[in-house]
1. Only one of Thr375, Thr300 is farther than 23 Å from Phe98 by Cβ, open to solvent by less than 70 Å² (accessible area, probe 1.4 Å) and of a type in the set (Ser, Thr, Tyr). Can you tell me which?
2. Among the residues of region 351-371 satisfying the criterion of being open to solvent by 70 Å² or more (accessible area, probe 1.4 Å) and touching a residue at least 40 places away in the same chain (Cβ under 8 Å), which is nearest to ligand 1 (Cβ to nearest atom)?
3. For region 190-213, which positions are of a type in the set (A, V, I, L, M) and either in a loop (DSSP other than H, G, I, E, B) or open to solvent by less than 40 Å² (accessible area, probe 1.4 Å) (or both)?
4. Got a number for residues in region 97-121 being over 20 Å from Ala192 (Cβ atoms) and either within 16 Å of ligand 1 (Cβ to nearest atom) or open to solvent by 10 Å² or more (accessible area, probe 1.4 Å) (or both)?
5. Would you check which residues across region 214-243 are within 16 Å of ligand 3 (Cβ to nearest atom), part of a strand (DSSP E or B) and under 30 Å from Ile410 (Cα atoms) and list them?
6. Which residue out of Lys269, Lys221 is closer than 30 Å to Gly67 by Cβ and open to solvent by 70 Å² or more (accessible area, probe 1.4 Å)?
7. Taking interchain pairs and intrachain pairs at least six residues apart, which have beta carbon atoms under 8 angstrom, with the first residue in region 306-319 and within 10 Å of Leu257 (Cα to Cα) and the second part of a loop (DSSP other than H, G, I, E, B)?
8. Within region 151-167, can one find any residue that is among the charged types (D, E, K, R), at pLDDT 95 or above, more than 16 Å from ligand 2 (Cβ to nearest atom) and in contact with a Pro (Cβ under 8 Å, 6 or more places away or on another chain)?
Amino acid sequence: MPLLENVINEISQERLWSRHLQLAEIGATPGGGVNRQALSREEISARQLLVQWGSPLGLVPYSDDIGNLFLRYPGKDADAAPVVTGSHIDTQPTGGRFDGSFGVLAGLEMLEAMHAAQFKPERSIEIVAWTNEEGSRFAPGMMGSALFRGQRDLESTLQVEDLAGISVRESVAAVRAAEPDIASRSLGFPIAAYVEAHIEQGPILEMQRKIIGVVSGIQGKRVFRVTVEGEENHAGTSPRALRKDALVASVDILSALHALTHDPDDTVKFTVGFLEVSPNAPSVVPSLVHFSIDLRHPDTEILSSLGDAIPALCEEHRGPCNVQIKELSNDPSLEFPAAIRDVIRDVVVGLDIAHMELPSAAGHDARHLHYVCPTGMIFVPCAGGISHNEAESCKAEDLFNGAQVLAGTIARLADQA
Ligand code: HGY
Ligand code: MN
Ligand code: MN
């Protein structure tokens, strides 16, 4: 039996499933989901578990200045640029057990199978857990992969703080201090190819009764933070005509933004997921409101024109308050190269698994790796397309099929000189 088939046949559905459940214990929420924030104590424990699982396979762990975690499976040619796969292990506060985790655990399962089959590819293979993909504790998300690509500046990123005033710098230092045996490596290195396995986080595969998605690309996304500044005053005595009510102004601004971004075919995705009112006291006129804007569209031109209209609209509806808008990220739509999509599709056809090609409406670290090396993604279904929700769920056999396709794809790419 050819070595590649050996590898595929060594993939274990039970081991892959049980590792998802074990990893999900770290940061488990009472509602059955996971809250494992970027660079948190929970993520430190999750990293230690991954390194522990990789140790019997001889995987060598590395980390870099932003805390990206890599586990290296040596190939025949130590100097050749490696093939990399992975995703993230940080989650949303009410996250699920599979978003991100599947991509890292499928990569680990692939290396278990390669080790069992004594498969030693030309190129080394590395699995990666990128730092802060979700962007819920520190904004914006995808910090680790954006820095790896060189799209963000390390110093300014390290200064970003969470709501408790803890900086990325302090948090990365705490993570690295907790893992003295993990060697440091510089930020960024040549990669031959990157393939990320992920749950779809949408309903299409399930509706079309397909198991594997060959991902065609990722829609564009712009992230803003808006601050509306008014004046605190007494709720009983201050005349409304003289008030500088930051919440009233924010409501006007948000109504205008919803009108701007409403479209009949529901392609524009506009979300205000975070809103903070200060001093947030029932009898005080709000003086300060912070809110987030997450804007997405598959057409980069439309994304540009809608995003560019936001500052003027905020200005127009601010009333007697001041408003500041800060854009944190602006990433265009992208299409993955056919060369990678063709390899994934060949492997899926060879395994005779029901598949289809589809775009990703969700963002992924693969978006940044796309500018570093030939990149692609493999999707598996999740129930009802539900994600960023504790109820997120998948079938063990779908994860198993996804891991098999990933193993076949990475093995092919890593064996190319
Ligand atoms: O927001 C996203 O698209 C990703 O799931 N973090
Ligand atoms: Mn994800
Ligand atoms: Mn996510």
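1. Criteria check complete, one pass: Thr300.
2. In this case the residue turns out to be Pro359.
3. Ile191, Ala192, Ala193, Val195, Ala197, Ile199, Leu205, Ile211, Ile212
4. Total satisfying the criteria: 11.
5. Val215, Ile218, Lys221
6. Lys269
7. Once the first residue is within 10 Å of Leu257 (Cα to Cα) and sits in region 306-319, its partners that are part of a loop (DSSP other than H, G, I, E, B) give Leu306/Val268.
8. Taking every residue of region 151-167 in turn, none turns out to be among the charged types (D, E, K, R), at pLDDT 95 or above, more than 16 Å from ligand 2 (Cβ to nearest atom) and in contact with a Pro (Cβ under 8 Å, 6 or more places away or on another chain).
The values are calculated or read from the model by the stated rules, or taken from the named source; none is laboratory data. Only a predicted model underlies this, so the values are computations on that prediction, with no experimental measurement involved. Don't worry about glycine lacking a Cβ; one is built from the backbone with ideal geometry, like all the others, and counts go over all protein chains shown. To get the accessible areas, we keep the full protein, side chains included, count just its heavy atoms, and leave off ligands, DNA and RNA. Shrake-Rupley method; radii C 1.70, N 1.55, O 1.52, S 1.80 Å.
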